[in-house]
Structures are given as structure tokens and as C-alpha cells.
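Following: one structure in C-alpha cells, then a few remarks.
The values are calculated or read from the model by the stated rules, or taken from the named source; none is laboratory data. All figures in this text were calculated on a predicted structure; none of them were measured in a lab. Cβ placement follows ideal geometry from the backbone for every residue including glycine, while neighbour counts extend to all protein chains displayed. These area figures cover heavy atoms from the full protein model, side chains too; ligands, DNA and RNA do not enter into them. Shrake-Rupley method; radii C 1.70, N 1.55, O 1.52, S 1.80 Å.
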Amino acid sequence: MLTLPTPDARLESYRLTGTPLIPRAPQVALTRTAFAAAHVVSDPLRERNPWDTRPAVDWEATLAFRQGLWDQGVGLAEAMDTAQRGMGVDWPTAKDLAERTMAAARAHPLKPRVASGAGTDQHPLSALTTRDAILAAYEEQVEALEAAGSQVILMATKALPAIGATPEDYRFVYRRLIDGAAQPVILHWLGEMFDPALAGYWGCPSVEEASDFVLSLIAENPAKVDGIKISLLDQAHEEAFRARLPAGVRLYTGDDFNYAPLIEGDGTHYSHALLGIFAAIAPAASQALEALAQGDSATYHRLLAPTVPLSREIFRAPTRFYKAGIAFLAWLNGSQRHFIMPAGFQSSRDISHYAQVFRLADQAGLLSQPDLAVARMKLLCQMHGIEQG
């Protein structure tokens, strides 16, 4: 029995009710591509001035977490915003992360898919004042990731909105990147709810006009676009957008609120997945996708339905703080020894939020080591002045 806080500042007793899912590999080939965007595990014993210097990474725990995802048949979206790019993790650390991950992926028996994020964050915005400078920054990162053997995700950059880039500026940058990539890229449309600095991305005043622009950009060379990840938390928009994509170009949902119906599809079109929440719900996600591949829609929804309230809590506004919930669940489940994040990012959420994540993870069967999870939740509560019986 635990004593947990509620959002209205009350305390209530809580007892575990869920049956933990056992992580395992799928028994059939999946019919949806699934990338989980994974976080970075900090090494708090080596951290020095965490707000001002490169983060100290626990590489063993960071790579072990990725191994666990791969063991369940899930691919990896590496060095993305889930890994705190620009929010504690800098480009040199991200590059090191991608190189280490690719070496581990090559050694893994399932030969998992890995795609890594290329951006412009090796330079401050003050140095990226022209589209040529932004393109050069992107190309530097693309070259490094391709040298490591990774597929490339062209992450949304804050630099283009910062200079008031027009659609033609976006076309100039993205055309060169897409056409010059060694293998088909994944585009990345991240909404301002994830990062306010990305408002007005693609240089268009409305989502409708931005959609038309991106579709025209893809249509100019669809063979070099594997797919596009859309994270706008708008199911209707995603369904309409994916129906307009050229044949062979995937829609990777980044909608952490509506992923279950989007991945299942409408009978004609469906979305693949590139989701931060999949790192937190991997056993449910993997086994649900297995059921979907077997035509078992009932089991698919039974497994994913209880994960949706959990995901909505983790990604609730301000959505950009969702990474704390991902790391919190990794700590509860024994994937890391502590709940410390680069730049102290664990402080971005309050104790009532973590208590609700705990409850919802239990109810979704996602506390894999219940006794450990309870002990750690009690410790976190005690650190917030909530005594436990």
C-alpha cells in the first residue's frame, strides 16, 4: 500500500492492481514499422555543473535500454527530442550516442532498424542567420550520421523559423538534403506544442498550406523520402495527410494521444510509428503490433487501450516536458539506478504528475518489477514530504 498525492493536493492510499506484461520478441513479422524514440540515461556521479556543461552519460545503461527495445522487435529513433536534444544533450553527445548505438545495432541478432536525428544544434541560432548556413549545419550532421551507418531523420530546426524563412527557403534547404542523402530520409514535422520555437514551420501561415507545401516537396523526389513523421496531435489532419502521400512513402505517426486508431488504420490507409511513448510502453506496443499482424484487432485494442491514458498524462501540456515521464518509468522498471536527467530535467514535472503516471502504468501492466516500482515510488514521495506507512 502506498500513499500518493492527487492533483488537488490530497493524499490517498493506492494498491497495485495490474498484471505486468512480460517483455518478449514478436512471434510473427510485424506489418507496421515501429520506431521508439529513446531517452539518455545520465551518470549523476560524473555530472559537473549540469546546466553549463556536456551531460555525463551512463553509456552502459543507455545502450542496455536500447537493447531491451530491440529484443522486443522495436526499432529505434535515436538522438531525437526524446533524448533531450537541445534540452541538456548537445550535438557532440548526440553524435557519440548515434555512433555507439549503431555499433550495438550491428551486433544485435535481430539487426534492428535505427534512424537518427540530424539537426543544426551544433551552432547557436545567432550563427545561423542564412539558409546557406542552416543547410551547411544540417549537412555536417547528416554526413556524421551516415558515416556511422544510420538512416537519417531530418529533424525540425529552430533556425528556419528564427530567420522568418519562407517556403522557398525551406524548399532550398530540404531539396538539397533529400536529394543528397545516401538513403531515403524521414522528414520530421514537430508541432509547437512540443517546442514553441517551431511555430509556423514550413513558412506557411496555416497547417493546411503547410501540408500542401510538404506534400509538394515529397512529390518532387518520393524515392528519396522513406516517410514523414507528423507530431501535431491532430488525428483528422494525419488521416487526411497520409491519404495524399505518394505510393511507398510512409506516414510515421508522432501522435502520442491517438496512436492506436492511427496505426490500425481505416481499412485503406494506416500509419507506422515513430513515438516517444513506445519507449515507455514497449511490451504493450510490441505485443499489440504482433496481434495486429495476426488480424486480432480485439487483442490489439485490449493491449493498447490502457496505455492511451498513460500517454496522455505523460504528454500533457506543457507537452515539451514529456521526457521526464519516459525517464521516470525507466527508473521504476529498473532500467536505470536513479531518477536524474541531463540538466536536472526531472524537475520539469511535479509529484502529483509522477503519482498519476505510476497509477496508470500499473493499470496498463507496465510496471515490470512491481516491488521495485513500489519501493522507488515510496522513495520519491518521501523526498516530497509524503510519509509512507
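Values for this structure:
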read-out	value
Principal axis dimensions, largest first and in whole angstrom, of the chain by Cα	63, 52, 44
Counted charge near residue 248, where neighbours are those whose Cβ lies closer than 14 Å (Asp, Glu -1; Lys, Arg +1)	+3
Added length on full extension, which subtracts the Cα-Cα distance from 0.36 nm per residue, residue 90 to residue 386	103.0 nm
Pair residue 176, residue 363: separation of 7 Å Cα→Cβ label points (nm)	5.1
Chain lengthening between residue 126 and residue 352 when straightened (0.36 nm per residue, less Cα-Cα)	77.5 nm
Residue among 134, 33, 216 farthest towards the positive dipole end of the chain, charges placed on Cβ	33
q = 0.12, 0.18, 0.22 Å⁻¹: log10 I(q)/I(0) that the Debye formula gives for the range 42-155, counting C-alpha atoms only	-0.44, -0.92, -1.23
Accessible carbon and sulfur surface of the chain relative to its total accessible area, %, 1.4 Å	54
The chain, accessible area per residue, ligands and nucleic acids excluded (1.4 Å, Å²)	39
Net charge of Cβ neighbours under 10 Å - reference residue 73; Lys, Arg +1; Asp, Glu -1	-1
Tensor-based shape of the range 102-179 (alpha-carbon gyration tensor, a/c under 1.5 rounded, otherwise prolate or oblate)	prolate
Considering only the chain, percent of DSSP beta bridges that pair antiparallel, nearest 5	15
The chain - mean residue ellipticity at 222 nm from DSSP helices (-39,500 (n - 2.57) per run, n ≥ 4, rounded to 500)	-12500 deg cm²/dmol
Label-reachable residues, the range 316-354, where backbone N falls under 11 Å from a point 7 Å from residue 64's Cα toward its Cβ	334-338
Cβ-derived FRET efficiency at R0 22 Å, residue 305 paired with residue 193, nearest 0.05	0.40
Cross-link partners of residue 158 among aspartates and glutamates (Cα-Cα below 17 Å; sequence separation of 8 or more within a chain)	81, 90, 121, 132, 139, 140, 168, 169, 192, 195
Over 16 Å [Cα-Cα, the range 213-301], rounded percent	54
Pair-distance profile P(r), taking every C-alpha pair of the range 313-374, with 10 angstrom steps and integer %	23, 58, 20, 0
Spin-label pair residue 206/residue 11, simplified geometry with 7 Å Cα→Cβ offset, distance in nm	5.4
